[in-house]
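Read through the structure below, which is laid out as structure tokens, and then see the notes.
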Amino acid sequence: MKSTDTTPTSENLLAQSRSESYQFTLRDKIGGALSGLRLRFFPRRVLVAGPFVGEFGHELMDWQAWVRAMIDRYDEVHVITYPGRDFLYPGCRMHSHDIRLETAGYKHGRFSPRQLEEIAHAKARELGLRDYDVFTPAHLCTQYHRRYILPAKWIVLKEAPIYGQIRDLSFHFRWLHKAGPDQTRNYSQERCDRLAALCQEHGYRACCLGHPKYSYCPPGVEDLRSDDLRRSTAAVCSARLLIGELSGPMHLAQLCAKPILIWADGQWRLDNCERWNVFHVPTYIVANDTHQPDPALVFEMIKTALEDLTRSH
């Protein structure tokens, strides 16, 4: 009899998914709660955490701190996530999946709990693991799961400034063309260039951070973009203030206890940003009703923020 390979592929699983993000059902929530209680009180020897296939901001604020809290409770922890994010998971064995950020979906991603478990079990079989638990975003699918069932361990992320120098500003100019509703979130290249020029004319020393594939660096600005999260963290720690549309790197700055200056089209997004501000980092708001604020307005807010930070120190 001819054998059939049942290992799930990302292409097949994505083809089964129709929504921009998976909507957890009541059954998922109950199952995640019961499984989460077992993980907390009756852990096995090995943990397979992931795959995480959603947005970077949700990995930072709705995922990595819960994985971190589990590390000391297992002999081994295997984490499946995007390449270059080892820095978030010290002491873990890292594995990259092949799901492209542009197609993965929003929040925790487009995959159902069953699909995530299929990927995790396939990785466990590949590694020859026995006596293991699987931990997926389904265990954190509501605020009650995150608050009452499984604990989180938050730490300030720190790296030495790149080249030992502190810049005035660091920009993150999002440049991600992602399937779904947020095509307008990229700050236009022309506005990026104008804002950078205004800062340079004023004598501010600036750099840019972010993934080189998913962010933009204007001419004349020091390019510190990287696909390695440790270096991106160092870039955050290399400036007094991080500026840009509300996106994942802004939440990274919050975890580095670095002030941010942001804008977004929707007060609800800014409210979520403050809810995730676990270290109560200063946050300066340019606008809550547009992804494209005028560069002159952003520049005036930059001056105000830097003056305020100087006074507070």
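Run down V79, V53, V48 and say which single residue is in a strand (DSSP E or B), outside the structural domain of Y214 (by TED's automatic domain parsing) and touching a Gly at 6+ places or on another chain (Cβ under 6 Å).
Working: V53 fails: in a strand (DSSP E or B); V48 fails: touching a Gly at 6+ places or on another chain (Cβ under 6 Å).
Result: V79 is the single residue among V79, V53, V48 that is in a strand (DSSP E or B), outside the structural domain of Y214 (by TED's automatic domain parsing) and touching a Gly at 6+ places or on another chain (Cβ under 6 Å).
Go through region 201-231 residue by residue and tally those that are hydroxyl-bearing (S, T, Y) and over 14 Å from L176 (Cα atoms).
Just the residues of region 201-231 that are hydroxyl-bearing (S, T, Y), to begin with: 204, 214-216, 226.
Still in the running and over 14 Å from L176 (Cα atoms): 204, 226.
Summing the residues that are hydroxyl-bearing (S, T, Y) and over 14 Å from L176 (Cα atoms) in region 201-231 gives 2.
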Go through region 183-231 and give me each residue that's more than 18 Å from R167 (Cβ to Cβ), of a type in the set (D, E, K, R) and without any contact (Cβ under 8 Å) to a residue 12 or more places away in the chain. E190
Looking across region 295-313 at residues that are without any contact (Cβ under 8 Å) to a residue 24 or more places away in the chain and of a type in the set (V, I, T), the single one that is surrounded by the fewest Cβ atoms within 10 Å (Cβ to Cβ) is T310
Return the residues of region 210-243 that are over 18 Å from L255 (Cα atoms) and among the β-branched types (V, I, T); say none if nothing qualifies. V221
Just to check your reading of the model, which residue among D168, D182, D131 is assigned by TED's automatic domain parsing to the domain that holds I260, among the acidic types (D, E) and touching a strand residue (DSSP E or B) at 6+ places or on another chain (Cβ under 7 Å)? D168
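Mind checking which residues of region 127-158 are assigned to a loop (DSSP other than H, G, I, E, B) and touching a Ser or Thr at 6+ places or on another chain (Cβ under 8 Å)? Walk me through how you get there before you give the answer.
Of all residues in region 127-158, those assigned to a loop (DSSP other than H, G, I, E, B) come to 128-131, 136, 141-142, 150-158.
Residues satisfying the conditions are L157, K158.
The values are calculated or read from the model by the stated rules, or taken from the named source; none is laboratory data. This structure is a prediction, so every number in the text was calculated from the model and none was measured. Virtual Cβ from ideal backbone geometry, glycine too; neighbours counted across all protein chains shown.
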